[in-house]
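Peer 1: Below: one structure in structure tokens.
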Amino acid sequence: MATRMANREQLMQRDQVLVPSLPTLAIKGHLCFRCCKSAEKLSKCGACKRAVYCSKGCQVSDWKIAHKNHCKLLKEINVIEEKETAPNRSWDLYRDSLYSKLQWLKSTQDVPPAVQDMIQAQVYCVVCHRSEANTGWSKFASCPSCLRVSTCQTCPAKNSHSEKVCKDNQLFNQLERFLIDCFEHTGEATPAQPTLKPRSTYEPLSIHDSWEKYYKDLSDGAIIDEITTTPGFSLLKPLAPDFEDSVPERIRLHHILGTDVMTMPITILAALEDTIPDLAKKTSLFLHFVGPTSREWRNIALFEELLHLLPALKSLRILCAGPSSYGLIGEDILSQEMDLKCCPDCQKAGRKRSMQSFRGMYHDFVQRAEFSKPDMAVLFHSGRTQAEQSSWAPTTKALLDLGTLTLCTTFNEREAKEEVAELDGFGANVIARLEVNTWRGLMPTPDFLEGPEHGFFYMNYFRYIFQGRK
Ligand SMILES: [Zn+2]
Ligand SMILES: [Zn+2]
Ligand SMILES: [Zn+2]
Ligand SMILES: [Zn+2]
Ligand SMILES: [Zn+2]
């Protein structure tokens, strides 16, 4: 029987839904590339020696759906790596060389995101930093606990990585597997646990300053009661080693995955609390999402959370503006304001929420007659100082000129530092600088081509806030 995961590309195309991407555990050689299940024996694609399959059926179907186009790209990287013969190199050299190979490939043709993942997360030896291709495809051994760290035949496997890295890897594996499981059962690729019933009283996030407290005391909480009564409960601590498939352990994993999307409304709420004195009395809220991705608009329903945690709020308007803004084709197009359905409780209370979309550059949008200043502009992971710096700079200047209260987040510290430095250069009034965001996603996601070896990034890891110039 075909599973949802095995049909992920078709489901995404047909139903316009988010689907999990190829798990990195598959790229590391431990799950089938098509059905994403583990199997006693997985066999490799003979051509690229990277894709692995649980069965002939999965291999044939993966070839038709995806691998036909992926295999030849992977082989091009193999050809280069097979010629590299340095016996030993540092992580930095390995990472930078892999990065330039990937950039080169991208400069010659279209490289699908899945293939980029396959290249950057490829198996390599953590001691000599050679890939399998570098060593003439000798057999690598992987850490039996986390499966994500490998060593070649000639390097010692002992002490190849710290206990902390191994544990983070294990959590990530658990979450990756759980996400696939969730998707198979529910078709939901971004499980979330929002507040279902609007609160009647306002309680600031600042007094419930962790996800554990949010789930337990601020949100509905009922579902988590069962596990929070465990002494010393922490979302990031397994309840017990043998709990893997128990209901409480599944609830815990579900709540961790939930933070990966709930981080969006809650990070916004925390920033509003920190900057708007009478937030609890505010009856309407207008937000601009600047340069949003599908992550924001596919999860747009979750922003009802703001109505549920701010009892006085009657109206929530969100405008998404960016070059790939939702549902619009062509440039400089502003959609109608669409009313979004609220839950029955909000409807009874006469609350409204709406969404509008502008496809084009934000700095062009601010020139239009329809523009009006929001309560806050939000830039999640804009990467302002990374790619497309030239198109971001005018947007940053427009936000500064208008004195718009602006919340930004980044995946890691380096990006946050660069972006705040750029703002300082513009003479910005930075209200909150370089803070680890309390409300970041809790899922540690491996950061393959950035920073130190075994690094992780988190959704909305760092945040900073600015408003106008000094
Ligand atoms: Zn399979
Ligand atoms: Zn292949
Ligand atoms: Zn080695
Ligand atoms: Zn390990
Ligand atoms: Zn509601």
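Peer 1: Is it true that PRO156 is under 30 Å from GLN13 (Cβ atoms), at pLDDT 90 or above and part of a loop (DSSP other than H, G, I, E, B)?
Peer 2: no
Peer 1: Taking VAL261 as meeting all but one of (1) among the aliphatic types (A, V, I, L, M); (2) under 17 Å from the mean Cα position of the chain (by Cα); (3) at pLDDT 95 or above, write down the number of the exception.
Peer 2: (3)
Peer 1: Of the residues that sit in region 61-104 and are polar (S, T, N, Q) and within 16 Å of ligand 3 (Cβ to nearest atom), which one is surrounded by the most Cβ atoms within 10 Å (Cβ to Cβ)?
Peer 2: Filtering first and then ranking leaves SER97.
Peer 1: Still on this structure, I have one more. Quick check on region 46-60: of everything there that is closer than 16 Å to LEU31 by Cβ and surrounded by fewer than 19 Cβ atoms within 10 Å (Cβ to Cβ), which residue is nearest to ligand 3 (Cβ to nearest atom)?
Peer 2: Taking the candidates together, the pick is SER55.
Peer 1: Condition test on ALA26, is it in a helix (DSSP H, G or I), away from ligand 5 (no atom under 16 Å from the Cβ), surrounded by 15 or more Cβ atoms within 10 Å (Cβ to Cβ) and modelled with pLDDT under 95?
Peer 2: So ALA26 fails the test.
Peer 1: Is it the case that THR438 is surrounded by fewer than 23 Cβ atoms within 10 Å (Cβ to Cβ) and at pLDDT 95 or above?
Peer 2: Judged against the criteria, THR438 is a match.
Peer 1: In this structure, does SER138 turn out to be more than 16 Å from ligand 4 (Cβ to nearest atom), free of Cβ contacts under 8 Å to residues at least 12 places away in the same chain, loosely packed, with under 13 Cβ neighbours inside 10 Å and not β-branched (Val, Ile, Thr)?
Peer 2: Answer is no for this residue.
Table: residues versus (1) of a type outside the set (D, E, K, R); (2) over 15 Å from VAL123 (Cβ atoms); (3) not assigned by TED's automatic domain parsing to the domain that holds PHE172.
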| residue | (1), (2), (3) |
| --- | --- |
| GLN10 | yes, yes, no |
| GLY29 | yes, no, no |
| LYS41 | no, yes, no |
| GLY46 | yes, yes, no |
| CYS54 | yes, yes, no |
| GLN59 | yes, yes, no |
| TRP63 | yes, yes, no |
| TRP104 | yes, yes, no |
| THR108 | yes, yes, no |
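Peer 1: Let me ask another. Tell me which of these LEU285 doesn't satisfy, since it passes every other one: (1) under 25 Å from LEU18 (Cα atoms); (2) crowded, with 23+ Cβ neighbours inside 10 Å; (3) of a type in the set (A, V, I, L, M, F, W, C).
Peer 2: (1)
Peer 1: Could you please find all residues in region 30-60 being among the small types (Gly, Ala, Ser) and more than 13 Å from ligand 2 (Cβ to nearest atom)?
Peer 2: SER38, ALA39, SER55, GLY57
Peer 1: Out of (1) assigned to a loop (DSSP other than H, G, I, E, B); (2) touching a His at 6+ places or on another chain (Cβ under 9 Å), what's the single condition that is false for MET118?
Peer 2: Tallying (1) assigned to a loop (DSSP other than H, G, I, E, B); (2) touching a His at 6+ places or on another chain (Cβ under 9 Å), MET118 fails exactly one: (1).
Peer 1: Can you find a residue that is in a helix (DSSP H, G or I) and away from ligand 1 (no atom under 16 Å from the Cβ) anywhere in region 61-69?
Peer 2: Yes, the conditions are met somewhere in region 61-69.
Peer 1: Something else now. Can you list the strands (runs of 3 or more DSSP E) lying wholly within region 269-361 that have 2 or more residues being of a type in the set (Ser, Thr, Tyr)?
Peer 2: Answer list for region 269-361: 352-359.
Peer 1: If we only count strands (runs of 3 or more DSSP E) wholly inside region 372-470, which ones have 3 or more residues that are under 30 Å from CYS166 (Cα atoms)?
Peer 2: 428-436
Peer 1: Next up: Assuming CYS143 fulfils every condition listed in (1) modelled with pLDDT of 95 or more; (2) farther than 25 Å from CYS45 by Cα; (3) within 16 Å of ligand 4 (Cβ to nearest atom) apart from one, which condition is it?
Peer 2: (2)
Peer 1: Might you check whether a residue that is of a type in the set (S, T, N, Q) and part of a helix (DSSP H, G or I) occurs anywhere in region 33-52?
Peer 2: No.
Peer 1: Let me ask something additional. Right, ALA86: closer than 26 Å to LEU179 by Cα and out of contact with any helix residue (DSSP H, G or I) (no Cβ under 6 Å at 6 or more places or on another chain) or not?
Peer 2: no
Peer 1: In region 244-295, what residues are closer than 13 Å to TRP211 by Cα and among the small types (Gly, Ala, Ser)?
Peer 2: GLY258, ALA270
The values are calculated or read from the model by the stated rules, or taken from the named source; none is laboratory data. Computed from a predicted model, the values in this text were never measured in an experiment. Note that we place each Cβ from the backbone using ideal geometry, even for glycine, and neighbour counts take in every protein chain shown.
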